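These notes concern the structure reproduced below.
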Amino acid sequence: MNKIILTTLLLIPSSWSQISERNEAIDVAARNYTEAKYEESVRQHLALLNEYGITAEQAQFDLALSYQFNEQEEDAKQKYIELVSSKKRNIASSASNQNGVLLGREEKYQEALEAFKTALIKDPTNEIARYNYELLARWLEKNEDQQKDNKEDQDKDKKEPSNYAKRMKAEADKLVDQFKFHEALELMNKALEIDETVSHYQEFIKNLGDINEINEN
């Protein structure tokens with residue numbers, strides 16, 4: 001009996017030591033990130049994953065953020081993409097939002113817009129993703145000519161909007177400024193029923209539909 005007790009007591013200090021080392025590593029990683037020591041933060045978070053076997057998705061997300069702020073964009077994107085499938089909606093949503101930020105910096109605006117949309121579908125309460133989505137969607141609409149690229153030939157075939165279509169678009173813009181996206185969408189769809197030149201604003205209508213879908217989730 002004494003032998004069993006002695007063996008147990010001998011094992012406990014080793015266990016305590018491992019836990020203490022792991023907790024210290026977590027604290028150091030968090031401290032480096034907070035103090036904007038991103039290179040060290042990357043090293044420490046990699047140590048958490050590789051040396052201490054910590055696989056928590058929050059640690060994975062913190063590593064991705066450290067990659068991002070340490071200007072290791074490709075590593076960050078890869079990690080964010082992995083985390084988008086997380087069952088924890090806040091992690092999945094935040095990862096998709098951050099991926100959208102990186103895509104936006106690369107001027108991949110449509111891909112960024114889709115990433116922000118995914119972030120909102122994962123977690124409709126993510127107000128940062130909502131702001132990013134609405135801001136980018138409106139910017140793309142206002143700068144449509146700069147985003148056409150290879151669509152120039154197709155655009156030449158589009159019928160110019162009638163004065164009625166232009167007036168409906170102006171009214172819809174006013175509703176958007178008031179964040180009345182559903183009303184703006186209804187206005188444009190009804191106008192399209194009687195004037196085919198309203199289709200000139202098809203991208204604007206599509207963006208309204210996406211925003212409306214997100215708001216209903």
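Being open to solvent by 30 Å² or more (accessible area, probe 1.4 Å), polar (S, T, N, Q) and closer than 19 Å to residue 125 by Cα is the filter here; which residues of region 196-217 pass it? Listed by number, the residues that qualify are 215, 217. Filtering region 91-110 to residues that are closer than 16 Å to residue 78 by Cα and surrounded by fewer than 14 Cβ atoms within 10 Å (Cβ to Cβ) leaves 105, 106. Taking the listed residues 144, 73, 82, the one that is more than 22 Å from residue 176 (Cα to Cα) and at pLDDT below 90 is 73, with no other qualifying.
Scanning region 179-217 for residues that are under 15 Å from residue 167 (Cβ atoms) and outside any helix (DSSP H, G or I) returns a single hit, 195. What tally of residues in region 122-140 results from selecting those that are closer than 21 Å to residue 184 by Cβ and either open to solvent by less than 90 Å² (accessible area, probe 1.4 Å) or not in a helix (DSSP H, G or I) (or both)? So the count comes out to 10.
The values are calculated or read from the model by the stated rules, or taken from the named source; none is laboratory data. Quick caveat, the model's predicted, so the values are computed rather than measured. So basically every Cβ, Gly included, is an ideal-geometry build from the backbone, and we count neighbours across all protein chains shown. What goes into the accessible areas is simple: the full protein's heavy atoms, side chains included, and nothing from ligands, DNA or RNA. Shrake-Rupley method; radii C 1.70, N 1.55, O 1.52, S 1.80 Å.
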